[in-house]
Structures are given as C-alpha cells and as structure tokens.
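Let me begin by presenting the structure, written as structure tokens, before commenting on it.
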Amino acid sequence: MILANKTAIVTGSTSGIGLGVARALAAEGANVMLNGFGDAAAIEQIRKDIAATGPGKAAYHPADMSKPAEIADLVARTAATLGSVDVVVNNAGIQHVAPVEDFPVERWDAIIAINLSSSFHTIRAALPLMKKAGWGRIINIASTHGLVASGHKTAYVAAKHGVLGLTKAVAIECANTGVTCNAICPGWVLTPLVQKQIEARAAEQKISVEQARNTLLGEKQPQLQFTTPEQLAALAVFLCSPAAANMQGSQLVSDGGWTAQ
Ligand code: NAD
C-alpha cells in the first residue's frame, strides 16, 4: 500500500480512465476525491465502490473543470475533508471532431479549458500543499495527440501538446522538492469518449460499429489492441512509487506502436 494515509484527487473520475485510476489509487491505500459529471445515484455507487476498494475514504466533488474558481474549491475542500492533497491526476477531458475551418469556437474554448487549463489550475492550487509536505505526485493524462496530430482534432491536439509542455515546465519547478510531475500518453482506450467517435464513424461511413472500431484502431496502431484503463492505472501507481522518484517531466506512452511508426 504505497499510498496509505495519502490523498489523491482524480479529475473526471466518474467514467473511463479516471475511474480506473481512482480505483487503483484506492487499492494502494489512498483517500480519493472523485470528480466528474453523471447521474447522482450512479456517482454515489461509484463513491461507495471506491471506498470499499481500500482502507482510505472516498468523497466526491462536482467541480466543473472549465471553471477556475470551482477547481480551487475542489483542491481546498479535498484538503479540508480528507486531510491533505498528495496526488493530483489531471484526467478530465472532452473531444470534438470537425475540420478546422468549421470548428465551433465555443468547442475550442471548452476543450482548451477542460483538457489543458484545468491542469494548470489544479497544479497551481495543489503544488504549495505538496511542497509544504515535501512529497507529491502530479500526473497529467495527455495523449498520443500530445505527440502527433490527427486531422479534425485541432483543439484536442493543441490542448494535449500543451499538457506535455505544462508537464515539463512544472517538473522543472518541482525539482528537489519531493514533488514530481509526469504525463501518461494513451493511444486508443475503449471508453465512452472513444465509443462516441466509433458510433459517429459507423453512421457516417454506413458500416457496423464493430467495423468502425476495427478501422479506427488499425489506422493508427500497428498493434490492434485497446489500452485498458487498468493498464493506465498501473502506470499511475508506478509514478507514485519510489521507483519513479527521479522521473520529472516524463511521458509514459501506451499506444500499441502508434507513435513508433
Ligand atoms: P470519458 O468520457 O470516459 O471520461 C471523461 C471524464 O471527464 C468523465 O468523468 C467526465 O464526467 C469528466 N468531465 C468532462 N468534462 C468535465 C468537466 N467540465 N468538469 C469535470 N469533469 C468533466 O473519457 P476517457 O476516455 O476516460 O478520457 C479521460 C482522459 O484521457 C481525457 O483527458 C482524454 O483526453 C484522455 N485520453 C483518452 C483516450 C482514449 O482513447 N479514451 C486516449 C488518450 C487520452
């Protein structure tokens, strides 16, 4: 239990990758502050499940990660209710697919706010607490789209490149404080975010959902497997472990060879 008596905030943890990460950190003993949108009863069930996963507590805060004041409140309330803020996993994210000339300006603004600026705001609020404690782990969920581009994903690609820049810039400022800041870059993960893209592709190309899923994978990844939330959660646990104590500003990639080719 490498996170016993420690507290983690996982943004966007009501679904997909964030939920997997929250579960894994709880299994390592952490108190977990959950965040994200969804049906109230379903979120309460998730909170109970996470609380039952390990010896720590689980709480939920509905902060909208596009709103800086709500993000500051999320960090302050976590410290007040769970005792500290030792790990922050910046995971909340959204997607929009459209050609750049048709890209809705409000979607650009929302994607930059939720996928990039929210990480700056959580780090800005949590880093003083971590530095004071002399230990902290900041983990930013970036993407292969932080390393390479795909068409029709202008805001997402720009935001994820920004997340990797933010990770490196913060890592330098964390040096010799006991705090580390690193990123995880997943390729395709079969979560609701990607399922929506698969269904849109199936409708647009008049093919089955299964065909759309296979073509989506095959266009980018030599290895035809989705990375799972559990595999990414294991990387997050690793970044919290003593073995990763000297990793600063790194990018852990799990993408079936997407960025290797
Ligand atoms: P998902 O849609 O399953 O989960 C997204 C989570 O973010 C949900 O809990 C949702 O409620 C929350 N969220 C969205 N907007 C929010 C807001 N304004 N405030 C608070 N919470 C908000 O998506 P996912 O696939 O699990 O994606 C999680 C992260 O992983 C994202 O940053 C995404 O860019 C990244 N990622 C995903 C993939 C993939 O293939 N699924 C690949 C690379 C990177």
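No lab work stands behind these numbers, since they all come straight from the coordinates. Because the structure is predicted, anything quoted here is derived from the model rather than measured. Here the Cβ is made from the backbone with ideal geometry for all residues, glycine too, and neighbour counts use every protein chain on show.
Things worth noting here:
- Note on THR177 and GLN261: the extension gain reaches 26.6 nm, defined as 0.36 nm multiplied by sequence separation minus the Cα-Cα distance.
- Computed lengthening from ALA169 to THR81, 0.36 nm per intervening residue step minus Cα-Cα distance: 28.7 nm
- Within the range 16-107, trypsin sites (Lys or Arg not before Pro) in DSSP loop having at most 11 other beta-carbon neighbours inside 10 Å: none
- Here's how it looks for CYS181: its modeled amide H is under 5 Å from those of ILE138, GLY249, which are all 5 or more places away or on a different chain.
- Full-extension gain in nm, GLU44 to ALA98, via 0.36 nm per residue minus C-alpha separation: 16.0 nm
- Charge sum, other residues only, whose C-beta stays under 12 Å from SER143's C-beta, Lys/Arg counted +1 and Asp/Glu -1: +2
- Taking amide H as placed 1.01 Å from N in the peptide plane, the amide H of GLY93 sits under 5 Å from none that are at least 5 places away or on another chain.
- Of the complete DSSP H runs in the chain, those spanning 27 angstrom or more by Cα along the long axis with a mean Kyte-Doolittle score not below 0.0 are 154-174.
- With Cα atoms defining each centre, the range 123-143 and the range 1-27 are spaced 15 Å apart in the structure.
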